[in-house]
Amino acid sequence: MVAFLAVRTRDVASAEDALSEAFAAALTDWPLRGCPANPEAWLLTVARRKLTDGARRISVGKGIRLAVPEREELSARLGAVLDAIYAAFAESWSDPSGTEIARRDSGSAELVLDGSHRYTLNVATGQVTRNK
């Protein structure tokens, strides 16, 4: 059944998740209404609907527009941005949790937004400089 579901999406993990949710739904539905005449078809129908719902949620999330914050907002957002950067590249840091302030606050990082806005973040001073 997982293979049948995964053929459409080419995503085995999502197919497994959808089928496990279908089995969970069967555990709550079948004791009340009885086992359907074709349980495999019931499970596949529910799992396909779960996959469709998941795909819809993902496509809605893709519509979120990112914008460059105003200059006054940059300093306030710096900590969250750095946390995200350190989380994304944690394997290359000797302090992946970001708890050692001395290590976390050294150096600088360059960010490129929208392919044209370049900023250098001096982690030690908190200065944000727009590059030309």
Subject >> Condition broken by residue 82, with the remaining ones in (1) in a helix (DSSP H, G or I); (2) hydrophobic (A, V, I, L, M, F, W, C); (3) surrounded by 10 or more Cβ atoms within 10 Å (Cβ to Cβ); (4) at pLDDT 75 or above satisfied >> reply: (4)
Subject >> Where residue 35 falls short, out of the listed (1) more than 16 Å from residue 53 (Cα to Cα); (2) assigned to a helix (DSSP H, G or I) >> reply: (2)
**OP:** Working only within segment 13-44, note down all residues that are of a type in the set (S, T, N, Q) and over 15 Å from residue 2 (Cβ atoms).
**Re:** 28, 38
Original post:
Does any residue in segment 44-56 that is within 13 Å of residue 8 (Cβ to Cβ) and at pLDDT below 90 come within less than 8 Å, Cβ to Cβ, of a residue that is surrounded by 16 or more Cβ atoms within 10 Å (Cβ to Cβ) and acidic (Asp, Glu) six or more places away or on a different chain, and which pairs are these?
Top reply: 54/17
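The values are calculated or read from the model by the stated rules, or taken from the named source; none is laboratory data. None of the values given here were measured: they were computed from a predicted structure. Here the Cβ is made from the backbone with ideal geometry for all residues, glycine too, and neighbour counts use every protein chain on show.
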